Amino acid sequence: MAYPEHWGIRQLSNWGRWGKDDQIGTANFITREVIANAAREAREGKVFSLAVAFERGSPVHPARTPYLHFFAMVNAGGDAWGMPIKSSVVWNEDIVTMPLQIATQWDGLAHAGYDGMFYNGVPISQVTAHGGAARNAISALSQTLITRGVLIDVVSYKKADNGYLPPGYAVSPADIDGCLAAQKVAPKSGDALLIRTGWVPHWYRHPDQRADYWKACPGLSYRTVEWIYDHEVSCVAVDNVTAEVMPSELRDETTPFHRIAIRDLGLTIGEIFNFEALAEDCRRDGRYTCFFVAPPLPFSGGVGSPINPVAMK
């Protein structure tokens, strides 16, 4: 379906760009050369986890069930799991129940579609409640999303003194261009864009304001899809829960960025990242690029995955 004229953007599509059987979309921009060059960003051995903790009380979209963590503890003296073990050793194990798209995570290419199709013309019938995603599964990306990361520190660029952008602020293409210019970074094909809005840290710093947390949040404008397409971005990660701005800029569409980016571009989208430590280091040394390593877990048939993404400098 053509985008409505009042959206003000041109029609975008990567369908067929890497063949009719492609299932990884814009991750194709991450070539072997891109990875080799990105690895050179790890110059000082500094490592930053970009993940929030998997714990009760972390920011979880209201549509998803909360994180549940149980423990299995067994004293092995005499018998453990049916095995005779003559020892006083104690075994501890974990049992976790949670949606895969909880805490820091990727939205895969079978996560969102419209008009009966997912990325690259895959019918919605290819994803079922019993079998998951027969095509465009998150496991197809398990050996990629390793590239140069570029922190787009919009919080610092807009001089947001309170540490986060205002609720409902739409990060525009002009914001991205202006921030890159201020940071003296030239974007390259295959880059991962790491968009700092400050909204996930806001959750932790202001628990008294959580009642209004879901009513509005800063995030990407749907208009950034043209910029992302033109600059051959491989993936986008944002430190909020929806990636895009909420409420939507468009009255007739709840999540326009998701529908275009995932379904039409084949873009993998990350949410609930934490860029605070990385941003502090970037401000200190003036270098806003890193070696970004964030492959998803290979859940067969999965449409998303929790991750512990790492930035190295």
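The values are calculated or read from the model by the stated rules, or taken from the named source; none is laboratory data. Since the structure is predicted, the reported quantities are computational estimates derived from the model, not experimental observations. In this analysis, Cβ positions are derived from the backbone assuming ideal geometry, glycine residues included, and neighbour counts consider all displayed protein chains.
State which residue is surrounded by the fewest Cβ atoms within 10 Å (Cβ to Cβ) when the search covers only the stretch 1-23 and only residues that are closer than 25 Å to THR254 by Cα and polar (S, T, N, Q). So the residue we want is GLN11. If you go through the stretch 1-42 and keep only what is of a type in the set (D, E, K, R) and touching a strand residue (DSSP E or B) at 6+ places or on another chain (Cβ under 9 Å), you end up with ASP22, ARG40, GLU41. In the stretch 224-253, the residue that is surrounded by the most Cβ atoms within 10 Å (Cβ to Cβ) out of those that are within 18 Å of the chain's Cα centre (by Cα), closer than 19 Å to TYR3 by Cα and hydroxyl-bearing (Ser, Thr, Tyr) is THR224.
Restricting attention to the stretch 276-286, does a residue exist that is surrounded by fewer than 23 Cβ atoms within 10 Å (Cβ to Cβ), within 21 Å of THR144 (Cβ to Cβ) and of a type outside the set (Ser, Thr, Tyr)? Taking every residue of the stretch 276-286 in turn, none turns out to be surrounded by fewer than 23 Cβ atoms within 10 Å (Cβ to Cβ), within 21 Å of THR144 (Cβ to Cβ) and of a type outside the set (Ser, Thr, Tyr). Given the structure, is VAL241 modelled with pLDDT under 95 and out of contact with any Lys or Arg (no Cβ under 8 Å at 6 or more places or on another chain)? Yes: the conditions hold for VAL241. The requirement of being loosely packed, with under 14 Cβ neighbours inside 10 Å and modelled with pLDDT of 95 or more is fulfilled nowhere in the stretch 100-109; no residue meets it. Filtered by the rule that a residue be aliphatic (A, V, I, L, M), part of a loop (DSSP other than H, G, I, E, B) and crowded, with 21+ Cβ neighbours inside 10 Å, the stretch 111-157 gives ALA137, LEU145. Among the residues that make up the stretch 24-37, is at least one of them in contact with a Gly (Cβ under 8 Å, 6 or more places away or on another chain), surrounded by 11 or more Cβ atoms within 10 Å (Cβ to Cβ), at positive phi and not in a loop (DSSP other than H, G, I, E, B)? Yes, that holds for at least one residue.
Each row is one residue, and each column tells you yes or no for (1) in contact (Cβ under 8 Å) with a residue 40 or more places away in the chain; (2) over 13 Å from ALA261 (Cα atoms).
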{"site": "GLU93", "(1), (2)": "no, yes"}
{"site": "GLN101", "(1), (2)": "yes, yes"}
{"site": "GLY108", "(1), (2)": "yes, no"}
{"site": "TYR114", "(1), (2)": "yes, no"}
{"site": "VAL127", "(1), (2)": "yes, yes"}
{"site": "GLY132", "(1), (2)": "yes, yes"}
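Counting only residues that are closer than 13 Å to ASP107 by Cα and either among the acidic types (Asp, Glu) or not assigned by TED's automatic domain parsing to the domain that holds THR224 (or both), the stretch 263-287 holds 1 of them.
When residues in the stretch 186-240 are screened for being of a type outside the set (Lys, Arg), within 22 Å of VAL150 (Cα to Cα) and in a loop (DSSP other than H, G, I, E, B), 16 of them pass. For the stretch 254-271, the set of residues classified as crowded, with 22+ Cβ neighbours inside 10 Å and assigned to a loop (DSSP other than H, G, I, E, B) consists of GLY266, LEU267, listed by residue number.
Residues in the stretch 221-238: is at least one in contact (Cβ under 8 Å) with a residue 12 or more places away in the chain and more than 16 Å from ALA261 (Cα to Cα)? Spell out how you get there, then give the answer.
Quick first cut of the stretch 221-238, residues in contact (Cβ under 8 Å) with a residue 12 or more places away in the chain only: 221-229, 231-238.
With more than 16 Å from ALA261 (Cα to Cα) added as a condition, the list becomes none.
There is no residue in the stretch 221-238 that is in contact (Cβ under 8 Å) with a residue 12 or more places away in the chain and more than 16 Å from ALA261 (Cα to Cα).
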